[in-house]
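Reviewing the structure listed below.
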Amino acid sequence: MRPVVSEVAEQETDVDFYYVDVDQNPNLVDQFGIKSIPTLIRIQDGKESNRSLGFIPEQQVKEFARGEITDDT
């Protein structure tokens, strides 16, 4: 999943992307209720606006990052 997200991050320069090592950051795992890997969380205006669990293809990552996907995928 990381290569796909990295590719999208290079294209979508107006969106910030962050990777979290769940083993090194258990506090964030708890804070965001991460139960599976990979998990994408879209934060907008300081709040979670969407979440995607599991692998999704590049086009869906782009749509997710842009906020074009409104339901969990």
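The values are calculated or read from the model by the stated rules, or taken from the named source; none is laboratory data. Computed from a predicted structure; not experimentally measured. Positions of Cβ are backbone-derived with ideal geometry, glycine not excepted, and every protein chain shown enters the neighbour counts.
Annotations
- Checking each residue in segment 35-64 for being part of a loop (DSSP other than H, G, I, E, B) and either surrounded by fewer than 16 Cβ atoms within 10 Å (Cβ to Cβ) or over 11 Å from the mean Cα position of the chain (by Cα) (or both) picks out 35, 36, 37, 45, 46, 54, 55, 57.
- Scanning segment 10-19 for residues that are free of Cβ contacts under 8 Å to residues at least 40 places away in the same chain and either surrounded by 14 or more Cβ atoms within 10 Å (Cβ to Cβ) or among the aromatic types (Phe, Trp, Tyr) (or both) gives 18, 19.
- Some residue of segment 8-15 being modelled with pLDDT under 95, part of a loop (DSSP other than H, G, I, E, B) and either under 11 Å from the mean Cα position of the chain (by Cα) or of a type in the set (A, V, I, L, M, F, W, C) (or both): yes
- Sole exception among (1) more than 16 Å from residue 64 (Cβ to Cβ); (2) surrounded by fewer than 13 Cβ atoms within 10 Å (Cβ to Cβ) for residue 28, by number: (2)
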